[in-house]
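Encoded as structure tokens, the structure appears first; notes follow it.
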Amino acid sequence: MSSNCESAERAMPPRSDMTAAALAAGQDALYRRIDEIGRGANPAVGCFHDGVAFPSEYLGTKRRIMWVLKNSYDETDEQGNPASDGMDIRDWFSDEALAVAAKKQIFVKMALVSHCVQNGLPYSADLLSQKASLISALKGIALVDLSKLPGGTKISDRDLKPEFALFKEVVSAQIALYAPDIIIFGNTLHLCFDLFPALDYKNPLRTYEADGDCVLRSFSDGARLCLEAYHPSYPMEYENYVGTIARAALGLA
């Protein structure tokens, strides 16, 4: 493990004593490591600084929720290269950006799940009209990608695996730093379950079905609840996607 990852983990106070400043400092150390790895892989490409956009809001939630997805999407130029020189979740989740994000299916689903779980609520279609609550819910999550390199709207497991291998130490350090109570994997747990030695991937605690199909599997690694779900961009009714994750997270039937 690199010195930046090690310094981030050494600087972590106990969970109950974690401050927004300490989380931000640990996160900045990991960003330096992300950039170091990214420059080694492709000097012409900027990486995604993922994680927590609002440390105070994240630490103030009743249940700390982390989403683990594959990689971030970036526009490309005429040569097919990423258009931006890196991205930052603090820009993605700025007030202006969130007003736009709250209209996109992927972020709407993530916001609805967070709102339901934080407030102990089942899913209801009425929640879709509560834009301010959904934006607030997004501010309280952690969003971690297995690869910090920009990509398109889709990436195969075959292409993702070597990229994840580059950033595996960082993802492990992010899980330690953010200390989530619940991790929601958007079709990614099968790629990274070895980060959780106590998790028995072959034997889920429970399998959840909707319309006859398996839509969620729940696990525990002894420290947190791990939910294996579809990616939030997957075309699925809100009731089935959001409702099922909320029930699993809240321990409802």
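The values are calculated or read from the model by the stated rules, or taken from the named source; none is laboratory data. The model shown is predicted, which means the values in this text are computed figures rather than measured ones. Positions of Cβ are generated from backbone atoms using ideal geometry, with glycine treated the same way; all protein chains shown enter the neighbour counts. Note: accessible area is taken over every heavy atom of the protein model, side chains too, but ligands, DNA and RNA are not part of it. Shrake-Rupley method; radii C 1.70, N 1.55, O 1.52, S 1.80 Å.
Based on this model, can you work out whether R63 counts as at pLDDT 85 or above, of a type in the set (K, R), open to solvent by 30 Å² or more (accessible area, probe 1.4 Å) and not in a loop (DSSP other than H, G, I, E, B)?
No, not satisfied.
Regarding F185, is this residue touching a residue at least 12 places away in the same chain (Cβ under 8 Å), open to solvent by less than 70 Å² (accessible area, probe 1.4 Å) and not in a helix (DSSP H, G or I)?
yes
If I ask for residues that are within 16 Å of the chain's Cα centre (by Cα) and surrounded by fewer than 20 Cβ atoms within 10 Å (Cβ to Cβ), which ones from the stretch 231-249 would you list?
H231, S233, Y234
Only one of these is outside any helix (DSSP H, G or I) and not aromatic (F, W, Y): E228, E169, E239. Name it.
E228
Only one of these conditions is not met by G40: (1) at pLDDT 95 or above; (2) more than 26 Å from V113 (Cβ to Cβ). Which number is it?
Result: G40 fails condition (1) only.
Name the single residue that is most open to solvent (accessible area, probe 1.4 Å) among those in the stretch 190-208 being under 18 Å from the mean Cα position of the chain (by Cα) and of a type in the set (A, V, I, L, M, F, W, C).
Only one residue tops the list, namely F193.
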